[in-house]
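Notes for the one structure printed next.
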Amino acid sequence: IGGLFNSRRQRIGIRMDVQSTSDIQAVAPRHANPLDLTPTRACSVLTAGFGGLRPQRLRVPGVVTYSGPNGLYVQDGDCGIGVDATEGSRFKVGEHVEVYGYNTIAGSEVRISDAFVRPTLGKAEARPVRVAASDLVSGDWDQRLVELDAVLSAVFASDNQALLLLRESDQRIEARLE
């Protein structure tokens with residue numbers, strides 16, 4: 001048994017190796033229909049209890065803040081979360097969606113994986129939070145829609161993406177456009 005930690009040294013889970021699946025016992029039944037799940041706020045998905053992250057099937061409503069071929073980011077109020085979904089690029093930024101999937105850890109991020117996404121009618125919009133480049137280092141703005149003032153130093157482009165090098169005071173920022 002060992003602990004799993006993110007870049008902020010927060011425990012996000014526990015790893016345990018077992019000999020076979022017969023050593024594992026299910027303690028909660030699965031939901032037969034994910035559409036019947038109670039909606040969960042993105043902020044709730046991002047926190048792990050004392051025992052670490054408990055993987056579970058979730059239904060998370062929100063507004064799309066990024067959409068790409070391998071997934072999207074959805075923001076719900078003050079929190080955003082990454083979603084691994086192959087149909088992510090069919091949604092537009094600003095579109096209201098519900099995400100159905102499993103909370104997982106990818107690197108130092110809590111994400112929703114194995115997800116399917118469906119459009120919904122919604123009222124709230126995701127507004128960017130104005131931050132300074134020096135605030136980005138803390139990680140407090142991970143998976144959130146932010147805006148900042150910076151000087152464009154260089155642009156590197158390929159067929160399907162661009163890398164922008166930005167500078168604010170003594171901070172250097174890489175922004176990827178896909």
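The values are calculated or read from the model by the stated rules, or taken from the named source; none is laboratory data. Keep in mind the model is a prediction, meaning the values are calculated, not measured. Please note that ligands, DNA and RNA were not included when accessible areas were found on the heavy atoms of the full protein model with its side chains. Shrake-Rupley method; radii C 1.70, N 1.55, O 1.52, S 1.80 Å.
A few remarks follow.
- Residue in the range 57-78 that is assigned to a strand (DSSP E or B), open to solvent by 50 Å² or more (accessible area, probe 1.4 Å) and basic (Lys, Arg) present: yes
- Strands (runs of 3 or more DSSP E) fully within the range 81-178 counting 2 or more residues that are open to solvent by less than 40 Å² (accessible area, probe 1.4 Å): 96-106, 109-119, 162-168, 171-177
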